[in-house]
Amino acid sequence: MNNPQKKPKSLQDILQQRQQSGFVGREEQVSLFRQNLDLSLEDSRRQFLFNVWGQGGVGKSTLLRQFRKMAESAKMVAAHTDDSEKSVPEAMGRLAEQLEQQNHKLPQFTERYKVYRQKRQELESDPEAPQGFSAFVGKTVAKTGVLLARRVPVGGAVFDFIDEDAVASQAGEWASYVAKKLTNKDEVRLIQEPVEMLTPLFLQDISKLAEKSGVALFFDTYECTEDFLDNWLREILEGRYGEVPLNILVIIAGRQELDKNHWAPYEGLMIRFPLEPFTEEEAQQYLTRKGIIDSRVIEVILRLSGRLPLLVATLAAGSPNDPSQVGDPSGTAVERFLKWIDDPKRRQLALDAAIPRCLNRDVLAKLREEDEADDLFNWLKEMPFIEERTDGWAYHEVVKTQMLRHKRLCSPQSWADLHGKLGEYYDTLQHNLQLDEENKHGDPTWQSHALNVLYHSLCQTPQKSLPIALNEFLPAFKNQRSFALCWAETMVQAGKNGDNAEVQRWGEQLVNGFNAYEEKRYEVAVEMFTALLEYSEIQFQWRSIAFSWRGYTYRLMERYEVALKNFDCAIELNPKSDWAIAGRAYTYCSMKCYEEALKDFNRAIELNPKYDWAIANRGDIYRLMQRYEEALKDYDRAIELNPKYDWAIALRGYTYCLMEHYEEALKDLNGAIELNPKLDWAIAHRGLTYRLMQRYEEALKDYDRAIELNPKLDWAIAGRGQTYRLMERYEEALKDYQDLRNWHNWYQCIR
């Protein structure tokens, strides 16, 4: 449908509209966007994509807000997202939430997204989540994992440089973990492939909405979200998730231009809008529209602002009519920003309101009297350096950094007092949730309040608060690693804004250590845990966690003796830590010290009789010791506690195979593979079972499937070769044997 913009009725209306516009120098962009709205959907000149790009402060977000107003005037429904969202599902969720606030529901998507968020939260808060899981929850972890590897940024670096084979293997581990924890097949797939599952529902709902009204979707601060949004948006356009309605506009704004190679197929649908600082003529024109005509005032504003639109608008907002009202060119940038605010109360507020991480009316009421909050907040929202975000309002980074520095240097006591007030406010909100210790780390609202408490306490009293911050990082790392990363990043932010090098250094070390652990750069992760253990103010119960994690890391490095020493220290500090005891048991198992492993697993299970992971692993030790009956009892017990425990079900099936109970083996292996179709080693074990039953064709199918999922699964290649040999297909057998990298695995498959 066509959505022509409602035209002003007179020349005076047009004049007023242009005088009120902040888009001097942007007339071309505004005009093109308006003209595009006037075109019919089938018009060959109609564009569907807009790319706004340029440096910080050049006016990208402001232009997007103007575009949104124009779209809404043309009877389109609009929603936007920015860098507050960290994954594709979160971005879709934010857009759906905004549309629902305008009484435009996306029913199919919203229903499934609620389930996704609930299950994701449960999994993220599980301390048994496999390594790397928290960094990738929200991404597609099914298929081979290689596709995921090419799309996911880790620690600021693109994951292209990580071993794709390792990622493919780990993707199977994540998929296995999800299948073990969830009972519903649809929910398993929803968590394993959230983008694949949610995007078609999102598009279907958007299409129904577009039948009644055009839809404009805005993606701001794209430089922060491009890593996960860019490929997704292009896949939508190419039709991977279903048909895209014609009556839709996508507007993308970031510091960099959209990659011309990646977006080449869509150039015919796109207009690119590069934004530069004002030319001198454009800046003068803007100032004239603001009623500033004194050449001396204009000269000062142009010199101080560098013609950056944000700064031009800020310095012009008070309509100064004398150079002295703009400020001394040798003064600080902040003093120049505030010079034009005559009201001392508002002037002080503009400075103080830079302190919160995010602004809303309630936060502002903590900085000023309650009865003044509404008026002051309404005034502040209109300032040119304030941006509306998905989670509230915030100062533009160009201004915020200078405001904070000015406040901290000019009034250290006021700086500390305001941070103290805000810290107490968020602490109260946090406690009002009344969440128990077990559930709080997984609650998004609690997390948000906790991060604000952390930030303001570190800014107010860094020396006192740093030990608390480091202590609380450790249980966060154990209980929900994604929250631990946010904790460390908040420490970095507090260190920078508070100009405290020690806080910033610690935050950066925690961020780097966290990312190193997820990326299997274990030496760097060990350095982080070592630094925490060497910090004298880490409390003993948290030292136990640090020792345990360092022990787990050393085990992954196959430095088993050092790992054991770390687990010993952890257990000495906390003799009832079933998690540390089980970790030591698993290390003994890796060393083939089965008796010691059994002793520790027995102890861990005695402390926690419902510890299904420890019970299943004890069963695996019995299997390795060829004590099959005892192994079966433990597998039975673990599966009774967790009926969807595919790993335990598959190993019970393999144990039956070793006992030559082939029918029971097939039943369990079928069940495990049904729960997790990507469980390559279980598929290969079923192939082995078929081969031992002389059902060679079925064996070959399973070996082929397992090898397709994991081309490095050497023992499956050997098993397939042995199957070919038994079928007297010698050429194919020889080819498989020649392809083997680890010849010792060949013998594992010969019985």
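Values for this structure:
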read-out	value
Within the stretch 399-467, helices (runs of 4 or more DSSP H) holding 1 or more residues that are of a type in the set (A, V, I, L, M) and out of contact with any Lys or Arg (no Cβ under 7 Å at 6 or more places or on another chain)	412-432, 444-460
Verdict on Ala216 being under 16 Å from Phe109 (Cα atoms) and touching a strand residue (DSSP E or B) at 6+ places or on another chain (Cβ under 7 Å)	no
Residue under evaluation Trp393, criteria (1) among the aromatic types (Phe, Trp, Tyr); (2) at pLDDT 85 or above; (3) assigned to a helix (DSSP H, G or I), criterion not met	(3)
Those residues of the stretch 594-612 which are in contact with an Asp or Glu (Cβ under 7 Å, 6 or more places away or on another chain) and crowded, with 22+ Cβ neighbours inside 10 Å, in sequence order	Ala604, Tyr611
Residue count for the stretch 491-541, restricted to those that are within 30 Å of His406 (Cβ to Cβ) and assigned to a loop (DSSP other than H, G, I, E, B)	3
Condition met for Ala74 (assigned by TED's automatic domain parsing to the domain that holds Gly214, in contact with a helix residue (DSSP H, G or I) (Cβ under 6 Å, 6 or more places away or on another chain) and more than 19 Å from Asp205 (Cβ to Cβ))	yes
Selection status of Ser536, in the same structural domain as Leu573 (by TED's automatic domain parsing) and without any contact (Cβ under 8 Å) to a residue 24 or more places away in the chain	yes
The stretch 386-428, residues that are closer than 20 Å to Phe218 by Cβ and touching a residue at least 60 places away in the same chain (Cβ under 8 Å)	Glu387, Glu388, Arg389, Thr390, Asp391, His396, Glu397
Answer from Asp680, Asp646, Asp634, Asp714 - the residue that is modelled with pLDDT of 95 or more, touching a helix residue (DSSP H, G or I) at 6+ places or on another chain (Cβ under 8 Å) and not assigned by TED's automatic domain parsing to the domain that holds Leu190	Asp634
Candidate set from the stretch 601-634 (those that are of a type outside the set (A, V, I, L, M) and under 20 Å from Ala175 (Cα atoms)); member that is nearest to the chain's Cα centre (by Cα)	Trp613
The one condition in (1) under 22 Å from Glu561 (Cβ atoms); (2) within 37 Å of the chain's Cα centre (by Cα) that Leu598 fails to fulfil	(2)
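The values are calculated or read from the model by the stated rules, or taken from the named source; none is laboratory data. Note that the structure is predicted; figures quoted are calculated from it, not measured. Note that each Cβ is placed from the backbone with ideal geometry, even for glycine, and that neighbours are counted across all protein chains shown.
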